[in-house]
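Here is the structure we will look at.
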Amino acid sequence: MRVAAVQANAQIEGLWRLDAFATRDNPVAGYAVLTAAHEQLLCTLLGLNRTYYSGVKSLDAITVPLEVAPRNLLERIRASYPLRTGESKEILAALVEDTYDLIETHLPEIDVRRLRAFLRYERPLWDE
């Protein structure tokens with residue numbers, strides 16, 4: 001069950017869109033991407049910790065009890081808001097990379113190289 005939960009949520013991709021939406025001053029779309037990625041990240045960590053997901057009601061209630069988690073998880077999630085070109089993406093990508101390191105350690109049967117390839121994909125921005 002643990003492996004299935006992590007596999008179902010760990011493929012976090014499309015972070016290049018954060019800079020695109022921030023540049024276009026489109027916070028609605030940008031926050032949708034940022035929030036969806038954070039929720040996927042939290043579900044991945046909950047699976048890694050064998051913890052049931054009951055929804056995001058309180059970030060403290062979800063993150064504090066996690067024994068297997070990137071350092072300063074809660075502070076780093078909060079630091080990615082408000083949406084800022086470069087910064088939000090950089091903070092979130094580093095958090096996901098740290099989570100992938102934990103998956104490599106605790107669930108070596110998951111292909112983290114593949115996950116990293118999706119995460120690191122950069123689509124070129126088009127000029128308007």
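Any read-out appearing in this document is the output of simple, stated calculations on the displayed coordinates, not a laboratory observation. Keep in mind the model is a prediction, meaning the values are calculated, not measured. Note: ideal-geometry Cβ built from the backbone for every residue, glycine included; neighbour counts use all protein chains shown.
Computed quantities for the displayed model
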read-out: Per-residue ³J(HN,Hα) for segment 112-119, Karplus 6.51 cos²θ - 1.76 cosθ + 1.60, θ = phi - 60°, Hz, x for Gly and Pro; value: 6, 4, 4, 4, 5, 4, 5, 4
read-out: Length added when fully stretched, Asp111-Arg50, from 0.36 nm per residue minus Cα-Cα; value: 20.0 nm
read-out: Prolate/oblate/rounded call for segment 1-111, Cα gyration tensor, a/c under 1.5 rounded; value: prolate
read-out: Exposed-site-free run, longest, the chain (rule: chymotrypsin sites (Phe, Trp or Tyr not before Pro); DSSP loop; at most 16 other C-beta within 10 Å); value: 54-120
read-out: Efficiency of FRET from Cβ geometry, Asn72 and Glu104, R₀ 30 Å, rounded to 0.05; value: 0.95
read-out: Residue-wise HN-Hα coupling along segment 36-42, computed from phi with Karplus coefficients 6.51, -1.76, 1.60 (Hz; x: Gly, Pro); value: 4, 5, 5, 5, 4, 4, 5
